[in-house]
1. Scan around V281 for amide H atoms under 5 Å from its own, H built in the peptide plane at 1.01 Å from N, and keep only partners 5 or more places away or cross-chain.
2. In the range 160-218, what percent of the accessible surface is made up of carbon and sulfur (1.4 Å probe, ligands and nucleic acids excluded)?
3. If I model a spin label at Q232 and S198 as a point 7 Å from the Cα along the Cα→Cβ vector, what separation in nanometres do I get?
4. With a/c under 1.5 counting as rounded, go ahead and sort the range 219-335 into rounded, prolate or oblate using the C-alpha gyration tensor (a ≥ b ≥ c being the square roots of the eigenvalues; past the cut-off, prolate if a/b is larger than b/c, else oblate).
5. How would you order 127-133, 203-209, 291-297 from highest to lowest mean count of nearby Cβ atoms within 10 Å?
6. Check which residues have an amide H placed less than 5 Å from R270's amide H, if you skip close sequence neighbours.
7. Leaving out ligands and nucleic acids, note down the accessible area per residue over the range 178-252 with a 1.4 angstrom probe, in whole Å².
8. For the range 252-370, what % of the accessible area comes from carbon and sulfur atoms, probe 1.4 Å?
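The values are calculated or read from the model by the stated rules, or taken from the named source; none is laboratory data. Source: prediction; values computed, not measured. Every residue, glycine among them, receives a Cβ derived from its backbone with ideal geometry; neighbour counts consider all protein chains shown. In case anyone asks, the SASA skips ligands and DNA or RNA and just uses the protein heavy atoms, side chains included. Shrake-Rupley method; radii C 1.70, N 1.55, O 1.52, S 1.80 Å.
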Amino acid sequence: MAPDCKVVCKRCMRSLIQCIRLIFPERQPYYELDPEAATGGGFSPEGIRPMTLGRSRFGDGDGDTFKPTAPWTSDGGGGGQWTTNDFEVDTEQEERENAAAVEVARRVLRALDGDEEALKSLEKGKVTTQGVKLIFDRFTLEELRSICRAIRNCETMNSVEFGCNNFDNGAVAAIAETLRRDESLQHLAIWGNSVGDSGAASLADLVASCPLVSLVLSNNEMSDNGLSSLAQALPACPSLRTLDLSVNAHIADTGVQSLCRALRSEGGPRVEVLTLNNCSVGNEGARHLATLLTEPECPLRELDLAFNMIEDPGAKVLASALEVNSVLVELNVSVNLFSRTGISLLMQALARKHVPGRQILIEDVPYAGR
């Protein structure tokens, strides 16, 4: 019998993360103030967020780095707050981080130019003959353009990964403009940044002009409009096999509809791994994905829809699709809004259609097929 389905509210999850940050401040000692969350002249736990290191070097320069000068004061009833007097701008910290970022950018450029000493001075794997992996590094627009030009000049470079760099849409436009028509680029990842709809539109030109095999745009700020812009370019990228759009909270059913239309296009990409967890996909989005799964030539082998808004009607159409599809081997629908009825429908579909190795993950518990 299927277990009880526990519905986990996304707001509750975010509150839990905030509590963890408050309980273990030594793990994350600096915070940013969020003026929009200020109430009564003070800041509650919801009014702070982890600071973005080196933020003043990139983008519009807002969001100063702060450090707390007083401990959190509880009111004894589970609440309490800091006031603005309990924080001060940590200018020394910003200066140290900015200087370190400038040095990293300089070493990366030298390494891409073939400087062995610069290559050895960088973290292992940051720059290789096949690609770059620049995580938590901050660059100005000019530094970013120079790095991308150097990448393009390396004929063996086929993989570019940027993660948690505080890139905004302007930075992504610079990447897209510089790497456009790079015939060696097969793997592109820009995750943990602030790629919005205009950034996604900029990337569309790159996607349509490069032989990408994998594209990762997880943990950004894209909405349905951005995904629709990106989807228009996908038919021109038949080499694409892996697409990760997870943790874009504003991607919902309309964007999924555009994506599925692109994936069904004749001569378009044959995506085998599609990741859409932690978005806002509902029953209509599930219906479009189910239609995609019933296509005779649908190549999808893995579909991740965990942490979305799919209810029993969505579970029903997905279950029906599973009874037709013979290719999908993993469907992750953990932490959606199913009741026992929805779970039962999926389990029945799993039992009726034998596909070797197929499994459905619900509430992080795998139910393996025969």
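1. Excluding prolines and chain starts, which carry no amide H, the hits are M309.
2. 44
3. Reported label-point gap for Q232 and S198 is 1.6 nm.
4. Details: a/c = 1.58, a/b = 1.03, b/c = 1.53.
Because a/c hits 1.5 or more and a/b fails to exceed b/c, the range 219-335 counts as oblate.
5. On the way: 127-133: 17.7, 203-209: 20.7, 291-297: 14.9.
My ranking of the peptides, most packed first, is 203-209, 127-133, 291-297.
6. Amide H neighbours of R270, under 5 Å, 5+ apart: L240.
7. On the way: 2510 Å² over 75 residues.
In whole numbers, the range 178-252 has 34 Å² accessible per residue.
8. It is 49 percent, rounded to a whole number.
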